[in-house]
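Undergrad: Quick one: structure below, then a few questions.
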Amino acid sequence: MNVQNANFIAVENWQGKILIGDWTASAGGTLEVRDPSTQAVVATVGVGGAADIRAAAKAAKGAQVAWAKTLPTERAKILNKAADILEQNGAELIPWIMRESGSIQPKAGIEIEHGALFLRHAATLATQPTGIMLAGFDNRTNYAKRVPHGVVGVISPFNFPLVLSVRAIGAALAVGNAVVHKPDPRTPIAGGVIIARIFEEAGLPRDVLQIIPGGAEPGEAICTDPDIAMVSFTGSARGGQRVGELCGKHLKKVQLELGGKNALVVLEDADLDVAASNAAWGAFLHQGQICMATGLVFAHNSIVDALAEKIAVKAQHLPVGDPASGQVALGPIISSNQVEIIQAIVDDAVAKGATLMAGGTHDGLFYKATVLKDVKPGMRAFEEEIFGPVACIAGFADDGEAVELANMSDYGLAAGILSRDVGRAMAIGDQLNVGQLHINDQTVNGGPFAPFGGRGKSGNGTRIGGPADLEEFTQWKWISIKPEATAYPF
């Protein structure tokens, strides 16, 4: 096993290629991956087209039957070994994640840590009970068992490329599926190559995992390919709508984990310093490029001005720049197009009466931590997922209005409530239309053991993680057994 090797990443093996059985040239050509901080070329990867997906899906289907028959303990062993290899090579892999995705070092380290946790959780799925005995109405024996779908297509985003790929890939593999994976073309190394390398070293059989970076063409091919039975998609609501449309047309199971406009409700009894810290972390971590980011801060009218001032002070002291310098809290936004979207949303809010208390400007892809107060319905900042480092603050008069404001969103992913009165916070939380609720915490929270997902524009009600993985990545098969065949009246 190749661990703690300065060249674990083995660029020479995959440069300009995709993984279909072996590292190979792609029909779609190649793509330069650039560091968003400096625009320097990080590496060149293969980029897939529809023909590459067709070849990968066919190969994966051919390998899946044998993989499903592999002893569950052996599948678990491979997944645990992949987790070990990821952790053991973290020091080499963290800089790759930083350069490719614009992560500061602690965030890149979380990707390694949580990626390994998701793999270890997946390993436990392999040995879970998968069947139940059913009641009968005659002398036959009836039981049902969970069986893999076959080939699962995984489409993952740029923001947490390693974790948000591994959480689906690991669970799908654990229960006997093969996987065709399309990482975002902006982060194909953290979201693809690293995963390929750890499973290569862990001994995953050939063709069980295929990795083809690319954009819309290979993504749509995954949704329409006849050999792919399920699609697990993490990304924007707009992208999820297209994936859902195509999968529905082709009668595929689809798991959609989309965006969020997540509310942090701060009651008047909360510690304001702690509340400001929570709001700043939730809004600014990884430049706000997180589906769980705190998109709206609702504070009681008696404290909203003081809280906004404290958040603004924090924003003004968060340095922005190249994460490689080690002296920054915020790195670059992923693209110039996204910077334009963020700026347009901030400008719209100010034009409609919001108060700009910090930030609101950028230097290239480096957008300053921004605070908007008096954000109201009708402003884009109130209604849209910004995916940038913008804290949007509004006041409320009472608990009923807090619930009303938080539930105005078309999204329904996460919410947080801060109060010394846990019972009161729970009573508010029970009325919020979200998939995950955090009492006395901000909205950015995730891990392998909880069923993660949302409702509305945040997803189609599916979940990933914890007990939901068996539900999502397998399906029921009913078996009835008669002691011997008997004749019927016909």
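Undergrad: By counting other Cβ atoms within 10 Å of each Cβ, how are Asp322, Asp22 ranked from fewest to most?
TA: Arranged by neighbour count, lowest to highest, Asp322, Asp22 become Asp22, Asp322.
Undergrad: Something else: Cα centroids of region 439-490 and region 6-38: how far apart, whole angstrom?
TA: 35
Undergrad: Write down, largest first, the equivalent ellipsoid semi-axes of region 189-316 in whole Å, where each equals the square root of 5 times an eigenvalue of the alpha-carbon gyration tensor. Walk me through the intermediate numbers first.
TA: On the way: eigenvalues 342, 75, 25 Å².
Values for region 189-316, descending: 41, 19, 11 Å.
Undergrad: Provide Asp348, Asp469, Asp269 in ascending order of the number of other Cβ atoms located within 10 Å of each residue's Cβ, fewest first. Write down the numbers at each step before the final one.
TA: Details: Asp348 16, Asp469 26, Asp269 13.
The order, fewest Cβ neighbours first, is Asp269, Asp348, Asp469.
Undergrad: What is the extension gain from Val41 to Gln343, computed as 0.36 nm multiplied by their sequence separation minus the C-alpha to C-alpha distance, in nm to one decimal?
TA: Result for the pair: 106.1 nm of gain on full extension.
Undergrad: In nm, what is the difference between 0.36 nm times the number of residues separating Val147 and Glu92 and their Cα-Cα distance?
TA: Extra length from Val147 to Glu92 when fully extended: 16.1 nm.
Undergrad: Right, something else. Which far-off residues, 5 or more places away or on another chain, put their amide H under 5 Å from the one on Ala270, with H placed in the peptide plane?
TA: Under 5 Å from the amide H of Ala270 lie the amide H atoms of Arg420, each far enough along the sequence or on another chain.
Undergrad: Under the rule of at least 5 residues apart or a separate chain, name every residue whose amide H is placed under 5 Å from the amide H of Thr443.
TA: Under 5 Å from the amide H of Thr443 lie the amide H atoms of Thr294, each far enough along the sequence or on another chain.
Undergrad: Highest mean first, what order results for 25-36, 48-59 on Cβ atoms within 10 Å?
TA: Working: 25-36: 17.8, 48-59: 22.8.
Most protected by this proxy first, the peptides run 48-59, 25-36.
Undergrad: Sticking with this structure for a sec: Largest first and in whole Å, give the semi-axes of region 262-439's equivalent ellipsoid, each being the square root of 5 times a Cα gyration tensor eigenvalue.
TA: 26, 16, 15
Undergrad: Still on this structure, I have one more. Between Asp421 and Leu356, what is 0.36 nm times their sequence separation minus the Cα-Cα distance? Round to one decimal in nm.
TA: On the way: separation 65, 0.36 × 65 = 23.40 nm, distance 3.14 nm.
The Asp421-Leu356 span can extend by a further 20.3 nm.
Undergrad: Using the structure shown, list the pairs from Lys261/Lys352; Lys17/Lys182; Lys249/Lys457; Lys145/Lys252; Lys261/Lys373 with a Cα-Cα distance above 18 Å, or answer none.
TA: Lys261/Lys352; Lys249/Lys457; Lys145/Lys252
Undergrad: Only bridges whose two residues both fall in the chain count here: according to DSSP, what percent of them are antiparallel, nearest 5?
TA: 45
Undergrad: Cut-off is 10 Å between beta-carbons; in what order do Glu12, Glu385, Glu113 appear when sorted fewest neighbours first?
TA: Ranking Glu12, Glu385, Glu113 by Cβ neighbours within 10 Å, fewest first, gives Glu12, Glu113, Glu385.
Undergrad: Let me ask you something else. Just to be sure I understand, if you calculate P(r) over Cα pairs in 10 Å bins from 0, in percent for this structure, which of (1) 4, 20, 28, 24, 15, 6, 2, 1, 0; (2) 4, 16, 21, 18, 14, 11, 8, 5, 3, 1; (3) 4, 18, 28, 27, 17, 5, 0, 0 do you get?
TA: Of the listed options (1) 4, 20, 28, 24, 15, 6, 2, 1, 0; (2) 4, 16, 21, 18, 14, 11, 8, 5, 3, 1; (3) 4, 18, 28, 27, 17, 5, 0, 0, (1) comes from this structure.
Undergrad: Same structure again: Looking at region 99-254, what % of its DSSP beta bridges pair antiparallel, to the nearest 5?
TA: 20
Taken together, the values in this text are just the output of simple stated rules run on the coordinates, not laboratory data. Computed from a prediction, not measured in an experiment: that's the story for all the values here. No Cβ is skipped: glycine too gets one built from the backbone with ideal geometry, and neighbour counts run over all protein chains shown.
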